[in-house]
Amino acid sequence: MARRSIYRHFGLNILAGETVERSVHGRFLTLLTNTSGDDPKVSISGDSEETLPKGISIELSDVEKSFTLIRFRNPGGSTMTITFSISEGRILDNRTVISGSLAVNATPDTMTTPAAAAATSTAAQIVTGASSTRRVTLQNQGPDAVWVGDANVAPASNRGYKIPKDGGIQIDNSDDIWARTAAGETATVSIMVDAKTT
């Protein structure tokens, strides 16, 4: 006697308003795909019809054991193409579906390396913000530490980000960037700007 398959996969084209029956044996039913905007109606072993959305599984109770007949009805006004699976054991659908919009950069970025900026104990703007700026990379060539931030950067009150000699930082924004050293100190800051192509 041939052993019954524990998992089977089916595809159906169901015309508008049409009902299709399949003689199948199993305990689990999962609707995998549906090309229609309408959900099919399903009846199992002669029971009343229920709506079956895509991705939903039906499991019989331990009392009912298994079914032998499935009936699908297309309630919509156009042809419905569906795929479904039947099994003796639980069906696990591990596919990942991601919906929504995703921003992509259709054009390559441009990289520029402006002249190095001299930083002193007086705050000075070293990068002018722009909406096209994606990232700014700064490296402190020394000889002293430098603090970077907005126009209020102040080493004496620990306002801003301290970059030691030979240190660097990447800043992901499009704002103006200012630099300042402690009193009596100086630094040279190398700059690289990554910008969107307009």
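The values are calculated or read from the model by the stated rules, or taken from the named source; none is laboratory data. In this text the structure is predicted, and so the values were computed from the model without any measurement. All Cβ positions, glycine included, derive from the backbone under ideal geometry; neighbour counts span all protein chains shown.
Would you pick out the residues in region 1-51 that are of a type in the set (A, V, I, L, M), closer than 13 Å to Met80 by Cα and out of contact with any Phe, Trp or Tyr (no Cβ under 8 Å at 6 or more places or on another chain)? Residues satisfying the conditions are Leu15, Ala16.
Those residues that are small (Gly, Ala, Ser), surrounded by 12 or more Cβ atoms within 10 Å (Cβ to Cβ) and over 22 Å from Glu88 (Cβ atoms), I need them from region 14-65; list them, please. Those that are small (Gly, Ala, Ser), surrounded by 12 or more Cβ atoms within 10 Å (Cβ to Cβ) and over 22 Å from Glu88 (Cβ atoms): Ala16, Ser36.
Scanning region 50-84 for residues that are under 26 Å from Asn13 (Cβ atoms), hydroxyl-bearing (Ser, Thr, Tyr) and modelled with pLDDT under 90 yields a total of 2. Could you check, for region 170-180, whether at least one of its residues is aromatic (Phe, Trp, Tyr), surrounded by 14 or more Cβ atoms within 10 Å (Cβ to Cβ) and within 35 Å of the chain's Cα centre (by Cα)? Yes, region 170-180 contains at least one residue that is aromatic (Phe, Trp, Tyr), surrounded by 14 or more Cβ atoms within 10 Å (Cβ to Cβ) and within 35 Å of the chain's Cα centre (by Cα). Hey, could you check region 184-198 for residues that are of a type in the set (A, V, I, L, M, F, W, C) and modelled with pLDDT of 95 or more and say which is nearest to the chain's Cα centre (by Cα)? Within region 184-198, the match that is nearest to the chain's Cα centre (by Cα) is Val189. Is it fair to say Thr128 is more than 16 Å from Ala187 (Cα to Cα) and among the β-branched types (Val, Ile, Thr)? Answer is yes for this residue. Taking residues in region 141-158 that are under 20 Å from Asn173 (Cβ atoms), and partners anywhere that are among the polar types (S, T, N, Q), the pairs with Cβ atoms closer than 8 Å and at least 6 places apart or on different chains are Val146/Asn140; Val146/Thr181; Trp147/Thr181; Ala151/Gln125. Considering every residue within region 100-113, establish whether at least one is charged (D, E, K, R) and either closer than 30 Å to Leu31 by Cβ or modelled with pLDDT of 90 or more (or both). Checked against the condition, which is being charged (D, E, K, R) and either closer than 30 Å to Leu31 by Cβ or modelled with pLDDT of 90 or more (or both), region 100-113 yields no hits at all.
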